[in-house]
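**Student:** Sharing a structure below in structure tokens format, with a few things to ask.
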Amino acid sequence: MSEIQTPNRDITVVLTSCNRHDLLAHTLETFLDHETEKRIARIIVAEDGDADPKQICDRFGAEYFRTGERIGQMRLIDKAYAQVTTPYIFHLEDDWEFYRSGFMERSRALLEVHHLRLLVWLRAWNDTNGMPISEWVQDRSWGVMATNFAGCWHGFTLNPGLRRLCDYKLLRSFANQKLSMHYEAKVPSAGLPYEAEAGIFYYRRGFRALILDEAGYVRHTGDGRHVSHSTDDSSSAKWV
């Protein structure tokens, strides 16, 4: 999908992939089935390794690039985000299933209210890996993710959701952060310490993550299909 330079097309979808192309196809299919705002300029699939997602990307009108070798999720995201020129990013991975529509419009409406609203979760309230919701509006149409969960999580996530390019530029890089904590079993796979550290960065600057209504819009489909990285702790399950 080539970039459409119109004022209304202001979202780039960045989808990370790693040779799970059956899951990738299902993710793209259900996402496009339920994405009803229609303000997407580009879909960029970032393939970590030598697998070739061309057939699937052609099917769904997505661009793609391949790293040629495993570089890890954080470096892959940095490479993909470097190609984004739209003000909004919808972050996505290759192992999610969308089951309700309206998430993009509602996410945008929440982010436009205040610049310190960082991103919007789309999972159901009973499907957040135990990460608590600290408060919510009376009609429970959205809530605010809690901070200081398990000593290192503050609501930031690389799960599917809308966010701003300018907020990523404040961080500058996911992969080049200096880790300042000992995470132990809290963060068992290679990228998770960097995800937690990003959350600390934004928390210290007053940012908060939101979540849409209780029923959710997306569920994880990659259980048992984690592609290990050389620095993963194989004794622990991946936090998704």
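**Student:** Filtering the stretch 196-218 down to residues that are in a loop (DSSP other than H, G, I, E, B) and among the small types (Gly, Ala, Ser), which residue is surrounded by the most Cβ atoms within 10 Å (Cβ to Cβ)? Working first, answer last.
**Tutor:** Kept after step one, since they are in a loop (DSSP other than H, G, I, E, B), are these residues of the stretch 196-218: 205-207, 213-217.
Now restrict to residues that are among the small types (Gly, Ala, Ser): 206, 215-216.
Working: Gly206: 9, Ala215: 11, Gly216: 20.
The qualifying residue surrounded by the most Cβ atoms within 10 Å (Cβ to Cβ) is Gly216.
**Student:** Please count how many residues of the stretch 129-146 are surrounded by fewer than 16 Cβ atoms within 10 Å (Cβ to Cβ) and not in a strand (DSSP E or B).
**Tutor:** Just the residues of the stretch 129-146 that are surrounded by fewer than 16 Cβ atoms within 10 Å (Cβ to Cβ), to begin with: 129-130, 132, 134-135, 137-141.
The next check asks that each one be not in a strand (DSSP E or B); those that pass are 129-130, 132, 137-141.
Matching residues across the stretch 129-146 total 8.
**Student:** Ser101 fails exactly one of the following numbered conditions: (1) within 22 Å of Val218 (Cβ to Cβ); (2) part of a helix (DSSP H, G or I). What is the number of that condition?
**Tutor:** (2)
**Student:** Answer yes if at least one residue in the stretch 109-128 is more than 16 Å from Phe149 (Cβ to Cβ), touching a residue at least 24 places away in the same chain (Cβ under 8 Å), over 14 Å from the mean Cα position of the chain (by Cα) and part of a strand (DSSP E or B), and no otherwise.
**Tutor:** For the stretch 109-128, residues more than 16 Å from Phe149 (Cβ to Cβ), touching a residue at least 24 places away in the same chain (Cβ under 8 Å), over 14 Å from the mean Cα position of the chain (by Cα) and part of a strand (DSSP E or B): present.
**Student:** If a residue must be part of a loop (DSSP other than H, G, I, E, B), touching a helix residue (DSSP H, G or I) at 6+ places or on another chain (Cβ under 7 Å) and touching a residue at least 40 places away in the same chain (Cβ under 8 Å), how many such residues does the stretch 147-165 contain?
**Tutor:** The total comes to 6.
Read-outs throughout are calculated quantities, based only on the coordinates presented, and are distinct from any laboratory measurement. These figures come from a predicted structure and were not determined experimentally. Ideal geometry is used to build each Cβ from the backbone, glycine not excepted, and the neighbour counts take in all protein chains shown.
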